[in-house]
Amino acid sequence: MTSTRTERSHRLRTAPRREVLISGAGVAGCALAFWLNRRGYAVTVVEKAGAPRGGGYPVDVRGTALEVVRRMGILPRLRDAHIDLRRLTFLDGDGGEVASVVPHAVTGGVAGRDLEVRRGDLTAALHAAVHDDVEFLFGDFVDTLDQSGHGVDVAFHGGGRRTFALVFGADGLHSRTRGLLLGPEERFHRYLGYRFAGFTLPNAFGLSHEILLWNTPGRAAALYAVGRHDPVHALLNFAHPEPPYGAFREPESQRELVETVFADAGWEIPGLLAALREADDLFFDGVGQIRLPRWSSGRAALVGDAAYAPSFLTGQGSSLALVGAYMLAASLAGAASLAGQDHGEGFAAYEHSTRAFVTLNQDLVGEGDAVLFPTTALSLERRNAMLRGLGAMPSPEGRPAHTALTLPGFTRRR
């Protein structure tokens, strides 16, 4: 376990700073750490990985989330990291072109405004914005939480014990914090009927700033190319009726399942299956959402995918994490000023002000699966007919759900 912390003299307070813990140093966790620190909390972030996570599939930052990163001061850095995808080409089972469109025409994004960046670039920018002011504990995670006293007593897997005023779970779709607070994931996971395998491979296809999407009914393969000399992100997705709880945990079993599903497929699929067998970065999971009746319990609250994962079919996971982190910190700031550090009021305000926005974006999932992953021959035929008539130009306004929340003001505590 490693720990880093720099205390700056101009941030010292005459009054004790309330110590809070965030589990997870991803998009939601680092964003929340930034805003809580600005509000005067002494923030500790614990992360299971040994260092900030790099790599990962590119992600979108759209709508209201753009204003969050602007207020954080990292928008110029993210603009520099913008991938600028130029083409999304749909292919039939033989590899023939069905349609080629500007990606925003399908995603509902706005060209020239919205961002697409490598996940590692986004988390690096967020971490850089806060690492001098926040304590990071890498290579460890929360083992148990006890709220029976006046704070939250936390036992870490590495053996340490500390007490915090508040605890926040920002540890993703399969959140351990959520399990400790609210129970097993099965109660809250809305399975969307697909499983997928993601991995990278060398760019032997000559692709650059584009996506190829191959479909047959219930099966899809995507090749996402950032630059001609960068590895290609591959995704093999398939319809599967059973939710993924506890099944196929071993990488070898995961590979065998994918190979069985795609065994008779043409185009470049045999080569992708060979690359899958050799990949050292395989990520296998089910496609699903988290739908919770509440986002907090006692002195602990959840944010980002831990609270309301929308699935990658919406393209809104990172944006909801950024907006949710801002709204949680702002709600706590408002409750503190009105009710003297009343976390209960703050958590209630967070949910009241943010849930409608979250639900609108989670409900975009129906549009995503219909376009990307049709499951029957008829739905695939209808999808292809729609694409041929779509044209190349995206909507200049984007989807209303992306901008359906206006951020409140946020006053820095002095």
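The values are calculated or read from the model by the stated rules, or taken from the named source; none is laboratory data. This structure is a prediction, so every number in the text was calculated from the model and none was measured. FYI the Cβ positions are ideal-geometry reconstructions off the backbone, even for glycines, and counts take in every protein chain you see. The area values use the complete protein model at the heavy-atom level, side chains included, leaving out ligands, DNA and RNA. Shrake-Rupley method; radii C 1.70, N 1.55, O 1.52, S 1.80 Å.
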*Across the range 59-76, in residue order, what do the Karplus-derived ³J(HN,Hα) couplings come to in whole Hz, using 6.51 cos²θ - 1.76 cosθ + 1.60 with θ = phi - 60° and x for Gly and Pro?*
10, 9, 10, 9, x, 4, 4, 4, 5, 4, 5, 5, 5, 7, x, 10, 4, x
*Given R₀ = 35 Å, FRET efficiency for residue 274-residue 186 by Cβ-Cβ distance, to 0.05?*
0.50
*asked:* Using the Cα centre of the chain as origin and beta-carbon charges of +1 (Lys, Arg) and -1 (Asp, Glu), tell me which of 269, 311, 253 is placed farthest towards the positive end of the dipole.
replied: 311
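Rounded to the nearest 500 deg cm²/dmol, what is the calculated helix-only ellipticity per residue at 222 nm for the chain, with -39500 (n - 2.57) per DSSP H run of length n ≥ 4? Before the final figure, lay out the partial values.
Numbers: 13 runs with 139 residues, N = 414.
After summing the helix terms and dividing by the residues of the chain, the value is -10000 deg cm²/dmol.
Report in % the part of the accessible area of the range 226-350 that belongs to carbon and sulfur, leaving out ligands and nucleic acids; probe 1.4 Å.
Details: 2470 of 4920 Å².
On the range 226-350, the fraction of accessible area on carbon and sulfur atoms equals 50 percent.
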*Once phi is turned into θ = phi - 60°, what whole-Hz ³J(HN,Hα) does the Karplus curve with 6.51, -1.76 and 1.60 give for every residue of the range 324-334, x standing for Gly and Pro?*
x, 4, 4, 5, 5, 5, 5, 5, 5, 5, x
*asked:* Tell me which of 222, 122, 326 sits at the most positive position along the dipole axis of the chain, charges placed on C-beta atoms (Lys, Arg +1; Asp, Glu -1).
replied: 326
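With charges set only on the Cβ (+1 for Lys and Arg, -1 for Asp and Glu), what does the dipole of the range 190-324 come to about its Cα centre, in debye to the nearest 20?
Numbers: 10 positive and 14 negative charges, 145 e Å.
The dipole magnitude comes to about 700 debye.
Using the alpha carbon gyration tensor of the range 226-352, what are the three equivalent-ellipsoid semi-axes (square root of 5 times each eigenvalue), largest first, in whole Å?
On the way: eigenvalues 343, 57, 26 Å².
After diagonalising the Cα gyration tensor, the semi-axes are 41, 17, 11 Å.
For the chain, report the accessible area per residue in Å² (1.4 Å probe, heavy atoms, rounded to an integer). Don't jump to the answer; show the numbers that get you there.
Working: 17730 Å² over 414 residues.
Result: 43 Å² of accessible area for each residue.
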